[in-house]
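Written out below as structure tokens is the structure these notes cover.
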Amino acid sequence: MKKIIILFFILALGTSLRLFYLDSRPLGFTWDEAALGYNAYSLLKTGRDEHKQALPIIFKSFGDYKPGLYVYLTVPSIASLGLNEFATRLPSALMGTILVIVVYLWTKNLWITGLLALNPWAIHFSRGAWESNVSLTLTVLGVVLLIKKRWLLSALFLGLTFWTYQGAKMFTPLIILSYLFFY
């Protein structure tokens, strides 16, 4: 019972550090964050992105192309909270909190979970609308499921990383190859 209370405290602290003043910290709202939010808003209202593409998988934005999962994850928060900084950053903050939970389920270690919940790097990347944070959470979840031999769920989450962040197109296959080599 004591372990559950400590875990609850760690999760509450980690969640509040990721959500408190989410609309104004970090300072400034980058153009990438604004583009993610606007594309989610546009999808919500019209089913099309800012370039009038119907339900795209890849979004053109400021001269590059972004995988679309973050935009789709942002649609519900914008639908319920409106088009603003908090709603645009909320999916990343929630995924940062989910990462803390996944790390606990993987390690069953309160110290490691607490360190992740309080880690400035993890908090920072959870507080901006950055696809890399979502990709990290999906990757860790996919690896945990891979180790536990939950093949289909692992394939789902590792597959979603390709639709989340460009770097995953290189690292996810390397993770899978490493798993196959060592196991």
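The values are calculated or read from the model by the stated rules, or taken from the named source; none is laboratory data. On a predicted model such as this, the values are computed, not experimentally measured, just so you know. Methodologically, a virtual Cβ is constructed for each residue, glycine included, from the backbone with ideal geometry; neighbour enumeration extends over all protein chains shown. Heavy atoms of the whole protein, side chains included, go into the accessibility calculation; ligands, DNA and RNA do not. Shrake-Rupley method; radii C 1.70, N 1.55, O 1.52, S 1.80 Å.
Taking region 4-42 on its own, how many of its residues are free of Cβ contacts under 8 Å to residues at least 24 places away in the same chain, hydroxyl-bearing (Ser, Thr, Tyr) and open to solvent by 50 Å² or more (accessible area, probe 1.4 Å)?
Result for region 4-42: 2.
So which residues in region 151-172 are open to solvent by 30 Å² or more (accessible area, probe 1.4 Å), without any contact (Cβ under 8 Å) to a residue 24 or more places away in the chain, within 29 Å of ASP64 (Cα to Cα) and not basic (Lys, Arg)?
ALA155, LEU156, PHE157, GLY159, MET170
Considering every residue within region 49-61, establish whether at least one is out of contact with any Ser or Thr (no Cβ under 8 Å at 6 or more places or on another chain) and within 22 Å of HIS124 (Cα to Cα).
no
Filter region 103-116 down to the residues that are open to solvent by 60 Å² or more (accessible area, probe 1.4 Å) and either closer than 18 Å to ARG25 by Cα or assigned to a helix (DSSP H, G or I) (or both) and list them by number.
LEU105, TRP106, TRP111, ILE112, LEU115 - these are the residues of region 103-116 that are open to solvent by 60 Å² or more (accessible area, probe 1.4 Å) and either closer than 18 Å to ARG25 by Cα or assigned to a helix (DSSP H, G or I) (or both).
What are the residues in region 78-90 that are on the phi < 0 side of the Ramachandran plot and open to solvent by 10 Å² or more (accessible area, probe 1.4 Å), if any?
ALA79, SER80, LEU81, LEU83, ASN84, GLU85, PHE86, LEU90
Would you please name the residue that is farthest from the chain's Cα centre (by Cα), looking only at residues in region 120-132 that are open to solvent by 10 Å² or more (accessible area, probe 1.4 Å) and of a type outside the set (Phe, Trp, Tyr)?
PRO120
Condition first: surrounded by 14 or more Cβ atoms within 10 Å (Cβ to Cβ) and of a type in the set (D, E, K, R). Can you find one or more residues in region 143-150 that meet it?
Looking through region 143-150, at least one residue is surrounded by 14 or more Cβ atoms within 10 Å (Cβ to Cβ) and of a type in the set (D, E, K, R).
Give THR88, THR15 a once-over and let me know the one that is closer than 30 Å to LYS149 by Cα and either aromatic (Phe, Trp, Tyr) or under 17 Å from the mean Cα position of the chain (by Cα) (or both).
None of the other options fit; the residue is THR15.
Can you tell me which residues in region 43-71 are part of a helix (DSSP H, G or I) and open to solvent by 60 Å² or more (accessible area, probe 1.4 Å)?
LEU44, LYS45, THR46
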